[in-house]
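Report on the structure given below.
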Amino acid sequence: RGLGLDVIREIGRQGARQIRGIAPDCRGISMLPPSRQVLEQRLRHRGQDDEQQIERRMRDAVSEMVHYDEFDYVIVNDDFERAVQELQAVFVARRLEAEVQSRRQQGLIAQLLS
């Protein structure tokens, strides 16, 4: 906390709630697939799961996706490069928030306002 580090954790909504209880200033990002069909194709393309596991993962994904609005940001991962750029934009925006900048640029702000 307060170290100026960006941390990414891949967790579900319940984990996000727990982290917000510990660090209320953290930001949550929901990553959504462009469609259920694309998500299923991606799971199948990995070649790591059998049919039952794919069906379970799909059910789990849908049960998580319905809570997208509990997060601060939503990124639709339909184009990988764009999704990465949008993720980077979230981090840049967070660094530019007035509260963060006032801590980070304390010396400069004091100098400008004196």
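Just so you know, all these numbers are worked out from the coordinates, no wet-lab data involved. Worth saying up front: this structure is predicted, and the values here are computed from it rather than measured. Neighbour counts run over all protein chains shown; Cβ positions are idealised from the backbone, glycine included.
A few points about this structure:
- Distances between placed amide hydrogens fall under 5 Å for LEU32 paired with ILE75, VAL76, ASN77, all partners being 5 or more residues away or on another chain.
- Helix-only mean residue ellipticity at 222 nm for the chain, each DSSP H run of n ≥ 4 adding -39500 (n - 2.57), per residue, nearest 500: -18000 deg cm²/dmol
- Loop-located trypsin sites (Lys or Arg not before Pro) in region 1-97 whose Cβ has at most 10 other Cβ within 10 Å (DSSP): ARG1, ARG9
- For Rg/Rh (Cα atoms, Kirkwood Rh), calculated from these coordinates, the label among (i) 1.10; (ii) 0.99; (iii) 0.96: (i)
- Relative contact order of the chain, pairs being alpha-carbon contacts under 8 Å that are 6 or more residues apart, as %: 29
- Among PRO24, GLN52, ALA93 - extreme Cα towards positive end, dipole of the chain, charges at beta-carbon: PRO24
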